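A short worksheet on the structure shown next.
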Amino acid sequence: MITWTSAAATDVGGKRKINEDALLDRPEAGLWVVADGMGGHSAGDVASNAIVHPLQQIERPESMPDFVEAVEDVLLTVNRQLRDYAQNELGGRTVGSTVVSLMLSQRTGVCLWAGDSRLYRLRNGQLTRLSRDHSAVQELVESGAITQSEADRHPKSNVITRAVGGNEILYVDSAVFAPEAGDTYMLCSDGLYNEVNEDSIRRKLALDLDDAVQRLVDEALHNGGRDNISVVVVKVTGVH
């Protein structure tokens, strides 16, 4: 049998005036979310909170497939709501948000995402990214046009190709895996991983829960804090 604990933090960063990120930390439901809004004041923060608020209220079904369907239904509903809001209140200006979510049960872990917020897993000292960015630069990497190190410095690194509210039809990607005792999972917005390299992330995720979260945010701020910073860390333990 496994159990889990979690901690989360979000920070406006060193350059932005408002925090367009929102996060959800519901260990009792086995549900965690990071959403990174776009569209500026009264738009980006509206979008990210429109995702997190209904997921805060959702009741967890018994089965994981039903749970995944319930979360996906929320995201599809919010997609429609944001499209209507943009049309009716903002003259058609794009209002959207990335989303990355983690759901855990005793045997199954599921990640649902759209955009470039990420889920990482630290297992046996090895850091693995479980999500794949929906971004123009990621497509260039996968086509072989540029390398991953070139992608990190690319001028279009912030151009995403999928988001809640971005298009009439939302396509949510998913990854399914088996959680193990000793795993540590991290959900984050690009304001974290653009400032903190993966080797540093790996070392910090090996720390105690609250220490890991605080040091990740602190390093992102120290390295420039050019965007809003959000991070959720989930540690899985075994019960004997």
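The values are calculated or read from the model by the stated rules, or taken from the named source; none is laboratory data. This structure is a prediction, so every number in the text was calculated from the model and none was measured. Cβ coordinates were reconstructed from backbone atoms using ideal geometry, including for glycine residues, and neighbour counts include every protein chain displayed.
As an exercise: evaluate residue 85 against (1) at pLDDT below 95; (2) touching a helix residue (DSSP H, G or I) at 6+ places or on another chain (Cβ under 8 Å); (3) not in a helix (DSSP H, G or I) and give the number of the one condition it does not meet.
The one condition residue 85 does not meet is (3).
Check whether at least one residue in the stretch 86-99 is within 30 Å of residue 239 (Cα to Cα), surrounded by 15 or more Cβ atoms within 10 Å (Cβ to Cβ) and either of a type in the set (Lys, Arg) or in contact with a Leu (Cβ under 9 Å, 6 or more places away or on another chain) (or both), and report yes or no.
No, that holds for no residue.
Could you please find all residues in the stretch 88-122 being closer than 26 Å to residue 39 by Cβ and either acidic (Asp, Glu) or outside any strand (DSSP E or B) (or both)?
88, 89, 90, 91, 92, 93, 94, 95, 115, 116, 117
Just name the residue that is surrounded by the fewest Cβ atoms within 10 Å (Cβ to Cβ) out of those in the stretch 115-144 that are among the β-branched types (Val, Ile, Thr) and more than 13 Å from residue 201 (Cβ to Cβ).
141
State whether the residues of the stretch 151-165 include one that is assigned to a strand (DSSP E or B) and of a type in the set (Gly, Ala, Ser).
no
Looking only at the stretch 218-240, how many residues end up being assigned to a loop (DSSP other than H, G, I, E, B) and in contact with a Gly (Cβ under 9 Å, 6 or more places away or on another chain)? Give the derivation first.
Here is the first cut: in the stretch 218-240, the ones assigned to a loop (DSSP other than H, G, I, E, B) are 223-228, 239-240.
Next, from what is left, pick out any that are in contact with a Gly (Cβ under 9 Å, 6 or more places away or on another chain): 224-228.
The total comes to 5.
Out of the residues in the stretch 172-213 that are over 17 Å from the mean Cα position of the chain (by Cα), assigned to a loop (DSSP other than H, G, I, E, B) and free of Cβ contacts under 8 Å to residues at least 12 places away in the same chain, which is surrounded by the fewest Cβ atoms within 10 Å (Cβ to Cβ)?
Ranking the candidates gives 208 first.
Need the failing condition index for residue 167 against (1) over 15 Å from the mean Cα position of the chain (by Cα); (2) within 26 Å of residue 65 (Cβ to Cβ); (3) at pLDDT 95 or above; (4) not acidic (Asp, Glu), just the number.
Every condition holds for residue 167 apart from (3).
Test of understanding: among 147, 161, which residue is surrounded by fewer than 22 Cβ atoms within 10 Å (Cβ to Cβ), β-branched (Val, Ile, Thr) and either within 20 Å of residue 22 (Cα to Cα) or touching a Ser or Thr at 6+ places or on another chain (Cβ under 7 Å) (or both)? Give the derivation first.
Working: 147 fails: either within 20 Å of residue 22 (Cα to Cα) or touching a Ser or Thr at 6+ places or on another chain (Cβ under 7 Å) (or both).
Testing whether each residue is surrounded by fewer than 22 Cβ atoms within 10 Å (Cβ to Cβ), β-branched (Val, Ile, Thr) and either within 20 Å of residue 22 (Cα to Cα) or touching a Ser or Thr at 6+ places or on another chain (Cβ under 7 Å) (or both) leaves just 161.
Answer yes or no: is there a residue in the stretch 1-16 that is touching a strand residue (DSSP E or B) at 6+ places or on another chain (Cβ under 9 Å), more than 24 Å from residue 184 (Cα to Cα) and buried (at least 20 other Cβ atoms within 10 Å of the Cβ).
yes
Looking at the stretch 23-49 only, could you name the residues that are crowded, with 24+ Cβ neighbours inside 10 Å, modelled with pLDDT under 95 and part of a strand (DSSP E or B)?
Matches in the stretch 23-49: none.
(1) assigned to a loop (DSSP other than H, G, I, E, B); (2) crowded, with 21+ Cβ neighbours inside 10 Å: which one isn't true of residue 60, the others all being true?
Of the numbered conditions (1) assigned to a loop (DSSP other than H, G, I, E, B); (2) crowded, with 21+ Cβ neighbours inside 10 Å, the odd one out for residue 60 is (2).
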